[in-house]
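These notes concern the structure reproduced below.
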Amino acid sequence: MPRSRGNRVVIVGGGWGGLTAARELRARAPDLEVVLLERNAAFWSGALSNKWLAGQVDTRLIVHDYAAAAARFGYRFIRADVLDVDRAARRIVTAAGTLDYDWLVLGVGIRYDYASWFGDDRRTIEQTREQFPCAYLPGDETARLKRKLERFAGGDLVMNLPPMPYRCPPSPYERAAMIGWMLKTRKIKGRLIILDPNPISPVFRRIYTERYRDQIHYVDGATVKRVDPVKHTVSTEFDDYPFDDAILMPPQQAGDLLWRMDLIGRDSSGSPTGWAAQDPVHLHALGDERVFLVGDALGPVSPLFGHYPKSGHLASRQGRIAAQEIVARVRGAEPPKLLPDSVCFVFSDFEPQEMVRIDSGYRFRGDGLIQQTVKQVADPNPRNEDVDWAKAMFADFLGAA
Ligand SMILES: Cc1cc2nc3c(=O)[nH]c(=O)nc-3n(C[C@H](O)[C@H](O)[C@H](O)COP(=O)(O)OP(=O)(O)OC[C@H]3O[C@@H](n4cnc5c(N)ncnc54)[C@H](O)[C@@H]3O)c2cc1C
């Protein structure tokens, strides 16, 4: 691309955060040049993907073309894998060439930390990812998981949960209820064994025991210590779990690019936290006010509650905040102090349907710390609120009809 004329904002990552930033920048500052870099050709939604796995929503609802969204809003989309960023030179290195920026928004999401199971054994990592996909990254992994579930004919299916923090914390429990329902309704002689290192909500525990006693075996306090993808065994501190098939969820961390750019936080002992280090309010990288971070990759924002929930809704709100920050700075105005919010719809059962709506709100406490309020409401008679919400979000940041 030609050199920037001093007004170029580049967004890396076309997820909920990056797409919203692109759309918001375009709408608020027509004088800025907005470029979105993304490695995939299409957007895949994690939200509603469990329902898609169960065949309850159409592919057209959760998969959207990037080029069409860019054309609708009028920014430039380039399909490219970003390899590195030279922050001193403000230059982005992609597999397809280099590009300079004046402002950079990074919405790169998460990466899987298979290394904590397999060290640098690349072959085993690739084999595990291929054969036992967990579908927590956008892309065709979700389609592979769907095929796996459709083919599952019986036996033990092991699914472990990653330690907190991870993307959309209630979603593996929802997926488990969905698998229990599939096994029961399809009369498959098999069971799902859930290995969970985190505390489970009473709602899901009740559903698993009352409705899926024969289909779901839930194991508390189960942190995965070893995985043998060849012998088909997962081991915790206490037991070995042989499996016929598995959904293996490695621990999660901020996306690869942030590690390469040295944007990962450190704890008091100097070890990497695994998540980005950003200003909790203005969202710029610490020590670099030309680089903004949005979405699930962020590190803790408040000593009162730690991380924001890693949800698409919240990532989208941060995309909007980052865009407003950049526009204010370009105009020489004081950046606003804005906080996000989050809404999440989780199904605890599929027939009859039971849903929980989780609303998270944020405000500044008197001493300036960010305070969180979480409200959970169970809905035993949902009427498509989740689909309506997703359609509204996709209309907003993808321009989808
Ligand atoms: C099963 C499941 C259910 C969920 N349910 C909900 C829900 O009901 N509600 C909700 O709000 N959220 C839900 N989520 C969470 C939601 O999907 C995430 O919070 C959201 O995707 C975070 O957005 P993001 O922009 O941070 O990252 P992502 O959406 O992951 O986007 C990051 C993008 O960056 C791209 N990228 C990364 N690195 C590079 C690079 N170097 N070069 C080029 N491109 C790059 C990736 O390809 C990706 O497209 C769910 C997630 C899952 C998996």
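What follows is calculated from the coordinates using simple rules that are stated; it is not laboratory data. Keep in mind it's a predicted model, so treat the numbers as computed, not measured. Cβ atoms come from the backbone with ideal geometry, glycine included; neighbour counts cover every protein chain shown.
Some observations on this one:
- The modelled label-to-label distance for the pair Ala333/Ala401, using points 7 Å beyond Cα in the direction of Cβ, is 3.5 nm.
- Fewest-first sequence of Ser348, Ser269, Ser4 by Cβ atoms within 10 Å of each Cβ: Ser269, Ser4, Ser348
- Each of Leu304, Leu25 was scored by other Cβ atoms within 10 Å of its Cβ. Arranged with the fewest first, they read Leu304, Leu25.
- Virtual paramagnetic centre 7 Å along Cα→Cβ of Thr59, amide N under 15 Å, in the stretch 134-148: 139-148
- Integer Hz, Karplus 6.51/-1.76/1.60 couplings in order for the stretch 384-401, x for Gly and Pro: 6, 4, 5, 5, 4, 4, 5, 4, 5, 5, 5, 5, 5, 9, 10, x, 6, 6
- Taking all Cα pairs closer than 8 Å and separated by 6 or more residues, the relative contact order of the stretch 120-250 comes to 30 percent.
- Pairs exceeding a 24 Å alpha-carbon distance, out of Lys231/Lys310; Lys184/Lys225; Lys148/Lys310; Lys184/Lys391; Lys51/Lys310; Lys146/Lys187: Lys231/Lys310; Lys184/Lys225; Lys148/Lys310; Lys184/Lys391.
- About the centre of its Cα atoms, the stretch 257-346 shows a dipole size close to 180 debye [charges on the beta carbon of Lys, Arg (+1) and Asp, Glu (-1) only; nearest 20 debye].
- Karplus-derived 3J(HN,Hα), 6.51/-1.76/1.60, for each residue of the stretch 342-353, Hz, glycine and proline x: 9, 10, 9, 10, 10, 8, 8, 8, 10, 7, x, 5
- Cα gyration tensor shape for the stretch 120-250, rounded if a/c is under 1.5, else prolate or oblate: rounded
- The value of relative contact order for the stretch 247-321, using C-alpha pairs under 8 Å at least six residues apart, is 22 percent.
- Distance between the stretch 12-31 and the stretch 56-125 - C-alpha centres, whole angstrom: 14
- Radius 11 Å from Cβ of Asp220, net charge of other residues (Lys, Arg +1; Asp, Glu -1): 0
- Other-chain or far-sequence residues with amide H under 5 Å of Thr273's (modelled H): Gly265, Arg266, Asp267
- Amide H contacts under 5 Å for Gly155, placed H, 5+ residues apart: Gly190, Arg191
- The chain - charge dipole about Cα centre, Lys and Arg +1 at Cβ, Asp and Glu -1, debye rounded to 20: 740
- Net charge, Ala95 excluded, C-beta distance under 9 Å - Lys, Arg +1, Asp, Glu -1: 0
- Estimated [θ] at 222 nm from DSSP helical runs (n ≥ 4, -39500 (n - 2.57)) normalised by residues in the chain, nearest 500: -8500 deg cm²/dmol
- For the stretch 120-250, a crude dipole built from +1 on the beta carbon of Lys and Arg and -1 on the beta carbon of Asp and Glu, taken about the Cα centre, is about 580 debye to the nearest 20.
- Distance from the C-alpha centroid of the stretch 323-401 to that of the stretch 263-305: 21 Å, rounded to the whole angstrom.
- Residue ranges 168-175, 150-157, 258-265, 357-364 sort as 168-175, 258-265, 357-364, 150-157 when ordered by packing (mean number of other C-beta atoms within 10 Å per residue, highest first).
- Residue order, fewest to most surrounding Cβ atoms within 10 angstrom, among His217, His64: His217, His64
- Options Ser360, Ile216, Ala42, ranked by Cα towards positive dipole end of the chain, top entry (Cβ charges): Ala42
- Estimated from the Cβ-Cβ distance and a Förster radius of 35 angstrom, the FRET efficiency linking Ile188 and Leu83 is about 0.20.
- Working from Cα pairs under 8 Å separated by at least six residues, relative contact order for the chain is 18 percent.
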